[in-house]
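Below is one structure, written out as structure tokens; the observations come after it.
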Amino acid sequence: MSATGAAASGSARARGRCAPHEGSEYLVSAETAEQLRQVMVHGVNRLSEWLSRTSRPGTGTAPGELRPLVEGVDLDTPLGSTAAALAELDHLYLADAVRYDDPRYAANLSCPVVIPAVLAETVLSALNTSVDNWDDSVGATLVEQRLIRWTAELIGFGAGADGVFTSGGTQSNLHALLLAREIAADSARNCDPGIRTVHVLPRLRVLTSEHSHFSVARAAELMGLGSEAVVAVPTDNQRRMCPRALSRAFEDYHTADTTVMAVVATAGTTDYGSIDPITEIAAQCRERGVWLHVDAAYGGGLLVSPRRRNLLAGIEMADTVTVDFHKTYFQPVSSSALVVRDGAVLGRLTHHAVFLNPADDPNPNLADKSLQTTRRFDALKLWLTLRVLGPRMIGAMVDAVIDLADEVWGLLDADPRFRVLVRPSLSTLVFRYEPTKHGPPEVMDAANRHARHALRVSNAGVVAATSVAERTYLKFTLLNPRATVGDFAGLIEDLAGHAHAYTLGTADSADND
Ligand SMILES: *Cc1c(COP(=O)(O)O)cnc(C)c1O
């Protein structure tokens, strides 16, 4: 603390409660409740005005254009008012902020959010509840646990299930695999009591499809398993894990030298939305006593779908499940959960701190279950969502985007200018501009890259790119129930127009990335 700061705090203490410390007018408190209301109303008015005034999915602004504006801000000289600071944000952030609520945003797994969840976000931030120990979070602990039980029931887990909210699918997957690793290390020690953990780790393998999310490989790296630990199991032409290939991988890796510590099935791959055959995979895991983790980060919304819950058949046989509410439950980032069939195993990773969650505390302390310590009360967003609109409405929105994806697949499939892979079971489409008579593949790659870029810089749409067998493909991810088939017909026309212009050599070269 600076000398003046120390003097100020000393004099504030001397003055007692009547003269609060400088700066405390900015702290949320009983005394500032009215000020909080005014600031929020001002901010929300601005936001609401901006939301209704602007609608374009995204801009083509490059880092080099925005960086000088952000760098130019003197962070040591405050503006002293929320209104001025908000106004400054207009050109630093809002002018280029990508709008997931715009029907022509169709790039990644980023969703428009429901209004009750945004309100909940404000409430949980204002109270700043941290769900790590009962004494600090009281009701919040129970709200989170109730939602975990609710999710576990949707999965079909029994009464012993438990889990925890996490920052996202990446953390949920890491947590699941850590649990699997502990169990595998235990059983290695059971067979050979003298064996040391460092000798067990290099023998462990994780089997997962070649289209699983990279967070599975990242988790293996973090756990010190080494780069060979994750074995990619081949998929069928729908990009689903092949049960026969899994069975062969078991033969190759569940041996005297190596142990399969877990299989990760994906219920909704990030690129194709493909859902691995969970029932068949689960049967193989049970037969061999191997941990099954289902990564339903994306497909988790099917749990509440009125028409497509059957796509997750078999998920109740998993040991652990990842669900990202911030993808298919229309929740603001972050909101995800790891759900565990036998909740007791969460205790394998528990650490007790006397000041936080002592072992003899009879109260529930969620720090016992989480990889995080201080942790957001993200569960409140889903809670308020369920209490206002209920699960059926969320599920109907999930069904709506999947229906739309199927219609858009029909458009692309019937269009001789495009090649579309994999009829979707969720809401992604991977396709490429490739008319019947087309140039060399490298030129078509460049035409597709150009089309994506030109679409974005003209404020007409944001779509993703991916690569399939080393060729460039475009990708739609549909998560907006307000989008229509007309919106996508427009995007398709625009993309075809830009790509065609590129192949004719008439595209504006400045737009070329
Ligand atoms: C998005 C995704 C993840 C990662 O989740 P985050 O919430 O981004 O950390 C993991 N697995 C799958 C299948 C995903 O789609």
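The values are calculated or read from the model by the stated rules, or taken from the named source; none is laboratory data. Every value quoted in this text rests on a predicted model; they were computed, and no experiment measured them. Methodologically, a virtual Cβ is constructed for each residue, glycine included, from the backbone with ideal geometry; neighbour enumeration extends over all protein chains shown. Heavy atoms of the whole protein, side chains included, go into the accessibility calculation; ligands, DNA and RNA do not. Shrake-Rupley method; radii C 1.70, N 1.55, O 1.52, S 1.80 Å.
Listed by position, the helices (runs of 4 or more DSSP H) enclosed by region 131-213 that each have at least 3 residues that are not aliphatic (A, V, I, L, M) are 134-137, 139-155, 169-191. Is region 58-70 home to any residue that is in contact (Cβ under 8 Å) with a residue 40 or more places away in the chain, closer than 26 Å to Val118 by Cβ and not assigned by TED's automatic domain parsing to the domain that holds Val457? Within region 58-70 (the criterion being in contact (Cβ under 8 Å) with a residue 40 or more places away in the chain, closer than 26 Å to Val118 by Cβ and not assigned by TED's automatic domain parsing to the domain that holds Val457), the answer is yes, since at least one residue qualifies.
Selection of region 127-174 for residues being at pLDDT 95 or above and among the β-branched types (Val, Ile, Thr) yields Thr129, Val131, Thr141, Val143, Ile148, Thr151, Ile155, Val164, Thr166, Thr170.
Every residue in region 302-330 that is more than 12 Å from the chain's Cα centre (by Cα) and within 12 Å of the ligand (Cβ to nearest atom), please. Passing the criteria: only Val321.
Kindly establish whether Asp102 is of a type in the set (Asp, Glu) and either open to solvent by less than 10 Å² (accessible area, probe 1.4 Å) or in contact with a strand residue (DSSP E or B) (Cβ under 7 Å, 6 or more places away or on another chain) (or both). So Asp102 fits the description; yes.
As for region 421-428, it holds no residue that is away from the ligand (no atom under 16 Å from the Cβ), β-branched (Val, Ile, Thr) and farther than 17 Å from Asp132 by Cα.
What are the residues in region 107-130 that are within 16 Å of the ligand (Cβ to nearest atom) and assigned to a helix (DSSP H, G or I), if any? Selection gives Ala117 alone.
Among the residues of region 357-365, is any touching a helix residue (DSSP H, G or I) at 6+ places or on another chain (Cβ under 8 Å), within 14 Å of the ligand (Cβ to nearest atom), in the same structural domain as Thr141 (by TED's automatic domain parsing) and not in a helix (DSSP H, G or I)? Even if it seems obvious, please write down each step before you answer.
Here is the first cut: in region 357-365, the residues touching a helix residue (DSSP H, G or I) at 6+ places or on another chain (Cβ under 8 Å) are 357, 361, 363-365.
Then keep just the ones that are within 14 Å of the ligand (Cβ to nearest atom); that gives none.
Checked against the condition, which is being touching a helix residue (DSSP H, G or I) at 6+ places or on another chain (Cβ under 8 Å), within 14 Å of the ligand (Cβ to nearest atom), in the same structural domain as Thr141 (by TED's automatic domain parsing) and not in a helix (DSSP H, G or I), region 357-365 yields no hits at all.
Of all the residues in region 257-285, those that are within 14 Å of the ligand (Cβ to nearest atom) and under 22 Å from Glu182 (Cα atoms) number 3. Scanning region 390-413 for residues that are open to solvent by 40 Å² or more (accessible area, probe 1.4 Å), of a type in the set (A, V, I, L, M, F, W, C) and more than 22 Å from the chain's Cα centre (by Cα) yields Trp409, Leu411.
Restricting attention to region 220-236, the residues that are away from the ligand (no atom under 16 Å from the Cβ), open to solvent by 60 Å² or more (accessible area, probe 1.4 Å) and not polar (S, T, N, Q) add up to 2. Taking (1) within 15 Å of the ligand (Cβ to nearest atom); (2) not in a loop (DSSP other than H, G, I, E, B) in turn, Val345 satisfies each apart from (1).
Criterion first (under 21 Å from Val39 (Cα atoms), acidic (Asp, Glu) and in contact with a Pro (Cβ under 6 Å, 6 or more places away or on another chain)) does Glu121 satisfy it? Lay out the reasoning, then the answer.
Values: under 21 Å from Val39 (Cα atoms): yes; acidic (Asp, Glu): yes; in contact with a Pro (Cβ under 6 Å, 6 or more places away or on another chain): yes.
Against the criterion (under 21 Å from Val39 (Cα atoms), acidic (Asp, Glu) and in contact with a Pro (Cβ under 6 Å, 6 or more places away or on another chain)), Glu121 qualifies.
Answer yes or no as to whether Asp76 is among the charged types (D, E, K, R) and in a helix (DSSP H, G or I). Criteria not met by Asp76.
Any residue that is surrounded by fewer than 16 Cβ atoms within 10 Å (Cβ to Cβ) and touching a residue at least 40 places away in the same chain (Cβ under 8 Å) - is there at least one of those in region 255-278? Within region 255-278 (the criterion being surrounded by fewer than 16 Cβ atoms within 10 Å (Cβ to Cβ) and touching a residue at least 40 places away in the same chain (Cβ under 8 Å)), the answer is yes, since at least one residue qualifies.
Does Val333 fit the bill of being under 22 Å from Val114 (Cβ atoms), surrounded by fewer than 21 Cβ atoms within 10 Å (Cβ to Cβ) and within 16 Å of the ligand (Cβ to nearest atom)? Judged against the criteria, Val333 is a match. No other residue among Ala469, Ala501, Ala496 is in the same structural domain as Leu426 (by TED's automatic domain parsing), free of Cβ contacts under 8 Å to residues at least 60 places away in the same chain and farther than 14 Å from Val443 by Cα apart from Ala469.
Being farther than 25 Å from Gly273 by Cα, out of contact with any strand residue (DSSP E or B) (no Cβ under 6 Å at 6 or more places or on another chain) and of a type in the set (A, V, I, L, M) is a condition met by no residue of region 473-491.
Considering only region 237-252, state which residues are open to solvent by 70 Å² or more (accessible area, probe 1.4 Å), not in a loop (DSSP other than H, G, I, E, B) and not basic (Lys, Arg). Those that are open to solvent by 70 Å² or more (accessible area, probe 1.4 Å), not in a loop (DSSP other than H, G, I, E, B) and not basic (Lys, Arg): Glu251, Asp252. Applying the condition of being of a type outside the set (D, E, K, R) and at pLDDT below 95 to region 238-257 and asking which residue is nearest to the chain's Cα centre (by Cα) yields His254. Summed over region 168-219, residues that are more than 11 Å from the ligand (Cβ to nearest atom), open to solvent by less than 10 Å² (accessible area, probe 1.4 Å) and of a type in the set (Val, Ile, Thr) total 2.
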